[in-house]
Every structure is written in C-alpha cells, then in structure tokens.
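Participant: Below you will find the structure I want to go over with you.
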Amino acid sequence: MDRAFLKRIVRRSLAGLVILAFIVSDLSAYAQGVAQMPVEAPAVSLSGSFAPPLLKGIRIDRHDPLRFDFILDKGDVEATDEEIKNDPLRLIKYFLAALTVPEKDLWVNLSPYEKDRIVPEAFGQTEMGRDLLAQDYILKQITASVLYPEGEAGKAFWSKVYAQAQEQYGTTDVPVDVFNKVWIMPQEATVYENGGAAFVVESRLKVMLEADYLAMRQAQVLPSGFTNELMREVIVPIIEQEVNEGRNFAVLRQVYHSLILAMWYKRKIKSGILSAAYVDQKKIHGLV
C-alpha cells in the first residue's frame, strides 16, 4: 500500500466562504425569529480552553460511493452513552448540510440593521444554520462583556481610547465610534489524503473587522482611526482566542471541521450519483 500522504491545502477553496458575520458593538442582540433566545443579552464570561468532539476524517468506499466512514475525535469530553450516540449524529448532519447547501448560502448574520438578511431560507432550516445563529448570539454577549469598562480588557481598551482622544483632540469629550462588524472566516485548513480517506490535521478561524476584511479583498491599506487600531490591538485577539480555543465556541469549531471535510468531498468527488443528486441541491430533509 502506498503510505505517502498527499497534503492538500483547502484554504484557497474556503477563503471566500464567510461562516459568520457579526455586529460586535451592538450590545442588545436582535433575536427575532430565533427560538429560545432572550431579547436581553446577559454578560457571558470568556471560557477556558476546551477540545470538543470533532469529525477528524472521512473514508469513502471505492466500491460504494454512497457509503461514508466517519472518524471522530472525542476531544476532552467524558460523555455518557447517550451523548456519545447523539454528538456524532449532529456532526454528520453538519457535514451533510454543508454538502447540500451551496457555499454562497453558508452564512448567518444577526445584525439588527439587516433584519431582512439573517440567514438563507434553506440553510436556516438546518440544525447547522440554527446552531450558527446561536453562536452569533453568544458572540454578541461575549463582546459586550469584553468591552465592559469595568472588566480587565474593557479597562485597557477604554483607557487607551481616552488617552488617544486626549492626545489627538485635547479632550476626552469626543464621539467614540466602536461600531464594528466582525467577520469570522477560515484562516487555515489543512487536509491530508491517503487513498479514499481524508483527515483534517490543522484548522483555525480568523477574526477581522469588516473594514479590514474589505480592505484585504480590495488590496487596500487597512483603514486608519485610533478606535479601529485599538479594536485590532486589544479586542480582536481576545475574541479570536476564544473562537479557536474556548468552550463558548466549541460548536463553531465542530461546524468548521465538518465544513472542511464537506468542501474536500465536493472538490474531490465531482462526479457520481451523490454529487449529481445531492451536492448543492438544498435537500435538507432530515437535517432540520
């Protein structure tokens, strides 16, 4: 058997795929249409490092292309029998949703200023879409907590804001714009192939201010302004660490792994019954 692994970087194919778009300075979440989410957003603390169960790999049967063998990393979870049974099913549903929903529709957005642009209709009916909306809501709560002036990060941020305002304008009595839309998007996704199997060996999500994301896409200089600079320096790294390591965003990382494997499948298996009848066809029955 050929034991040489073929390293494939799927980062390029994922680069245009925005998983979540968040408004981070709006401290009261817009929760219309999202079941069981309170209108008021209580503070949510940063969480400790946590490795959730993840889909680490997939093996395709050469003789039966409709058969998948999924490889699960159980992470740090000491699960009961019921949890062990249900968690893999949810992760597989994420994989199937990412297969059947077109990439252009894999996004959510709980902005109160875009109430007609929350989630694409078909994607919003899937468990994956609803779980991402819940993660969006959690991000608003966490960001509010991080920016709170009495917290450690908030004190550092606001003291620098007022110091910069005093230096530039000679007073701290100036309007401070901390309205920033944050984009969480793929930064790194490395997949190793061996025959008909694929394994996710690296994955990381990147947090960016929307202005920075747009500047990057248009090959422009990052927008200036001391509030943007301080958001990048103080707030964004905290959120990015929480997104990639914290328990609060364990579901987001689970979605990301399933998504990476789905994107690999779409690009690897471009012909066959499943690709023709299911991939990008919005067949979400059973995934709600």
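The values are calculated or read from the model by the stated rules, or taken from the named source; none is laboratory data. All figures in this text were calculated on a predicted structure; none of them were measured in a lab. Cβ: placed from backbone, ideal geometry, glycine included. Neighbour counts: every protein chain shown. Surface accessibility is based on the protein's heavy atoms, side chains included, excluding ligands, DNA and RNA. Shrake-Rupley method; radii C 1.70, N 1.55, O 1.52, S 1.80 Å.
Participant: Could you grab me the full set of residues in the stretch 109-125 that are of a type in the set (A, V, I, L, M, F, W, C) and outside any helix (DSSP H, G or I)?
Facilitator: L110, I118, V119
Participant: Out of E103, E121, report the one residue that is farther than 14 Å from L252 by Cβ and either open to solvent by less than 30 Å² (accessible area, probe 1.4 Å) or touching a Leu at 6+ places or on another chain (Cβ under 9 Å) (or both). Talk me through it step by step, then tell me what you get.
Facilitator: Details: E121 fails: either open to solvent by less than 30 Å² (accessible area, probe 1.4 Å) or touching a Leu at 6+ places or on another chain (Cβ under 9 Å) (or both).
When all the criteria are applied, what remains is E103.
Participant: Determine if the stretch 159-182 includes at least one residue that is at pLDDT 80 or above and not in a helix (DSSP H, G or I).
Facilitator: The answer is no, given that none of the residues of the stretch 159-182 is at pLDDT 80 or above and not in a helix (DSSP H, G or I).
Participant: While we're here: Inspect the stretch 227-245 for any residue being assigned to a strand (DSSP E or B) and modelled with pLDDT of 90 or more and give the result as yes or no.
Facilitator: No: zero hits.
Participant: With respect to D116, determine if the residue is in contact with a Lys or Arg (Cβ under 6 Å, 6 or more places away or on another chain) and more than 18 Å from K283 (Cα to Cα).
Facilitator: Numbers: in contact with a Lys or Arg (Cβ under 6 Å, 6 or more places away or on another chain): no; more than 18 Å from K283 (Cα to Cα): yes.
Here the answer is no, as D116 does not meet what is asked.
Participant: Can I ask one more? For the stretch 98-108, give me each residue that is part of a helix (DSSP H, G or I) and closer than 25 Å to K140 by Cα. Lay out the reasoning, then the answer.
Facilitator: The first filter runs over the stretch 98-108 and keeps only residues part of a helix (DSSP H, G or I), leaving 98-100, 103-105.
Once the filter is applied, which keeps residues that are part of a helix (DSSP H, G or I) and closer than 25 Å to K140 by Cα, the stretch 98-108 yields A98, E103, K104, D105.
Participant: Just one of (1) outside any loop (DSSP other than H, G, I, E, B); (2) more than 16 Å from L259 (Cα to Cα); (3) open to solvent by less than 10 Å² (accessible area, probe 1.4 Å) trips up M128, so point out which.
Facilitator: Status for M128: all satisfied but (2).
Participant: If I269 meets every condition in (1) within 30 Å of I60 (Cα to Cα); (2) at pLDDT below 90; (3) out of contact with any strand residue (DSSP E or B) (no Cβ under 6 Å at 6 or more places or on another chain); (4) open to solvent by less than 10 Å² (accessible area, probe 1.4 Å) apart from one, which number is that one?
Facilitator: (4)
Participant: Same structure, new question: List the number of the failed condition for A79; all other conditions in (1) within 20 Å of W183 (Cβ to Cβ); (2) at pLDDT below 85 hold.
Facilitator: (1)
Participant: A further question on this structure: T143 fails exactly one of the following numbered conditions: (1) surrounded by fewer than 21 Cβ atoms within 10 Å (Cβ to Cβ); (2) modelled with pLDDT under 85. What is the number of that condition?
Facilitator: So the condition that T143 fails would be (1).
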